[in-house]
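Q: To start, I am sharing the structure in question, which I have written as structure tokens.
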Amino acid sequence: MSGCGKDLSPEILNRHTAGSHSRIGRREKQPVTMGCGMSTEEREGKARNEEIENQLKRDRMQQRNEIKMLLLGAGESGKSTILKQMKLIHEGGYSRDERESFKEIIFSNTVQSMRVILEAMESLELPLEDQRMEYHVQTIFMQPAQIEGDVLPPEVGNAIEALWRDRGVQECFKRSREYQLNDSARYYFDNIARIAAPDYMPNDQDVLRSRVKTTGITETTFIIGDLTYRMFDVGGQRSERKKWIHCFENVTTILFLVAISEYDQLLFEDETVNRMQEALTLFDSICNSRWFIKTSIILFLNKIDRFKEKLPVSPMKNYFPDYEGGDDYAAACDYILNRFVSLNQHETKQIYTHFTCATDTTQIRFVMAAVNDIIIQENLLAVHRFYTQRLWYHQGSKPAANSKRTVQHHGEPHAGDERCPATMDGSQVTASLMARLCGDLVTVVRQMAMAH
């Protein structure tokens with residue numbers, strides 16, 4: 001045969017032919033795949049996957065910048081007041097329409113507080129000093145539970161103003177620990193002339209001191225710096241606590257409030273239980289709950305203004321026999337602080353405490369700035385722990401256990417106390433901690449690289 005030198009065997013010919021057909025087939029299919037080796041369906045699927053991955057990354061980034069804060073505490077401890085302060089401080093305050101909407105609440109709080117005192121006078125057998133006040137008493141008892149309208153009726157305002165001057169009413173007010181009286185009663189009575197004026201418009205303090213029982217769960221969102229806070233207020237009375245379970249997932253921080261001024265009062269829902277004892281029991285269950293093992297807890301020992309007023313006239317030893325500090329304000333604060341933090345059963349769990357007056361906007365502004373710094377520090381420490389644990393894993397080693405429990409607190413009674421750390425003061429220490437942690441992280445990452 002010409003050109004070949006020898007004949008090809010059938011097997012070789014078949015292999016050669018099959019290979020040629022195979023190569024030709026591949027060349028013909030190239031236009032179908034449009035030169036990228038993927039079908040349209042595959043490309044669309046890949047695009048969907050990439051979008052999902054990107055969304056997950058965005059969600060993770062948002063979660064890192066989102067602080068879910070749960071407001072817990074017994075009833076009337078000041079949780080709703082803190083939420084109102086957040087609106088005043090971080091959301092520009094209340095509009096005129098919103099302030100208008102508080103009028104009926106304030107009118108009702110004021111009238112009902114006077115009604116409670118008058119009813120208590122009957123049960124405590126305390127007479128009016130001036131029996132001519134009986135006309136005003138009937139005026140109060142004739143009012144409905146919910147006062148409606150934009151203006152408090154003049155006869156109601158006059159009745160409250162006159163009764164508040166009566167010595168019998170004043171004597172009953174001094175014994176308010178023996179019955180259930182709204183904390184804001186004195187404030188509204190002292191300001192009744194302004195509240196009853198035809199052109200009355202609630203100011204910030206009027207709004208902060210208004211009281212409506214919280215039922216269910218209330219959420220408030222606000223921004224501090226780069227962090228978005230979602231703050232949840234739940235009902236404090238026993239009947240409302242079963243609803244807390246819905247807020248447990250992914251909680252960053254618990255803000256637990258205690259009304260320390262209620263050391264001599266009984267529960268609204270169970271008048272056989274001391275309010276402070278109830279708060280201690282509740283804090284114990286929250287602090288040591290399996291739900292909150294890794295959750296930072298910030299403890300607000302609230303209503304220090306009322307607490308300071310009460311101590312000289314209502315000895316704390318009558319209700320807590322082991323207390324030995326007399327009417328010394330700092331000693332009493334120290335005692336209560338230790339009662340709460342000693343309940344912590346987790347050796348490494350840190351509790352941050354503040355003595356607060358929830359109606360003091362200036363103080364709450366400062367305290368919440370400190371809380372913000374605490375949360376930033378906790379996040380930095382979490383990152384530090386993560387990378388350190390990675391290093392231990394690569395090196396096959398573990399650190400020595402650190403069982404030291406730390407408590408950081410700040411407040412008026414401990415302004416010069418060496419136990420009151422600078423971390424509560426804000427940005428300087430946060431910046432210092434950040435610099436130190438960043439240095440540690442660089443070291444850890446380098447060591448991890450060397451371990452590889």
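The values are calculated or read from the model by the stated rules, or taken from the named source; none is laboratory data. None of these values were measured; they are calculated from a predicted model. Every residue, glycine as well, gets a Cβ built from its backbone with ideal geometry; the counts of neighbours run over all protein chains shown.
Q: Applying the selection to the range 134-154, what residues are more than 16 Å from residue 118 (Cβ to Cβ) and small (Gly, Ala, Ser)?
A: The answer is 149, and nothing else.
Q: With respect to residue 286, determine if the residue is of a type in the set (Val, Ile, Thr), over 16 Å from the mean Cα position of the chain (by Cα), under 21 Å from residue 75 (Cβ atoms) and not in a loop (DSSP other than H, G, I, E, B).
A: Judged against the criteria, residue 286 is not a match.
Q: So which residues in the range 344-377 are surrounded by fewer than 22 Cβ atoms within 10 Å (Cβ to Cβ) and touching a Phe, Trp or Tyr at 6+ places or on another chain (Cβ under 6 Å)?
A: 374, the sole residue that qualifies.
Q: A further question on this structure: Select from the range 119-171 the residues that are among the polar types (S, T, N, Q), surrounded by 11 or more Cβ atoms within 10 Å (Cβ to Cβ), in a helix (DSSP H, G or I) and touching a residue at least 12 places away in the same chain (Cβ under 8 Å) and list them in ascending order.
A: 139, 158
Q: In the range 175-228, how many residues are modelled with pLDDT under 95, acidic (Asp, Glu) and part of a loop (DSSP other than H, G, I, E, B)?
A: Within the range 175-228, residues that are modelled with pLDDT under 95, acidic (Asp, Glu) and part of a loop (DSSP other than H, G, I, E, B) number 2.
Q: Residue 344 - would you say it is of a type outside the set (A, V, I, L, M, F, W, C) and not in a loop (DSSP other than H, G, I, E, B)?
A: So residue 344 does not fit the description; no.
Q: I'd like to know if the range 318-325 contains one or more residues that are surrounded by 15 or more Cβ atoms within 10 Å (Cβ to Cβ) and in contact with a Ser or Thr (Cβ under 8 Å, 6 or more places away or on another chain).
A: Among the residues of the range 318-325, not one is surrounded by 15 or more Cβ atoms within 10 Å (Cβ to Cβ) and in contact with a Ser or Thr (Cβ under 8 Å, 6 or more places away or on another chain), which makes the answer no.
Q: While we're here: Given the conditions (1) within 26 Å of residue 259 (Cβ to Cβ); (2) of a type in the set (Lys, Arg); (3) out of contact with any helix residue (DSSP H, G or I) (no Cβ under 8 Å at 6 or more places or on another chain); (4) modelled with pLDDT of 95 or more, report the number of the one that residue 165 does not fulfil.
A: Just one mismatch for residue 165, condition (1).
Q: Out of contact with any strand residue (DSSP E or B) (no Cβ under 8 Å at 6 or more places or on another chain) and either of a type outside the set (Asp, Glu) or at pLDDT 90 or above (or both): which single residue out of 269, 249, 262 fits that description?
A: 262
Q: Go through the range 172-217 residue by residue and tally those that are surrounded by fewer than 18 Cβ atoms within 10 Å (Cβ to Cβ), closer than 30 Å to residue 68 by Cα and among the polar types (S, T, N, Q).
A: Of the residues in the range 172-217, 3 are surrounded by fewer than 18 Cβ atoms within 10 Å (Cβ to Cβ), closer than 30 Å to residue 68 by Cα and among the polar types (S, T, N, Q).
Q: Take the conditions out of contact with any Phe, Trp or Tyr (no Cβ under 6 Å at 6 or more places or on another chain), of a type in the set (S, T, N, Q) and modelled with pLDDT under 95 and apply them to residue 146. Does it pass?
A: yes
Q: Can we say residue 113 is under 24 Å from residue 275 (Cβ atoms), touching a residue at least 60 places away in the same chain (Cβ under 8 Å) and among the small types (Gly, Ala, Ser)?
A: Against the criterion (under 24 Å from residue 275 (Cβ atoms), touching a residue at least 60 places away in the same chain (Cβ under 8 Å) and among the small types (Gly, Ala, Ser)), residue 113 qualifies.
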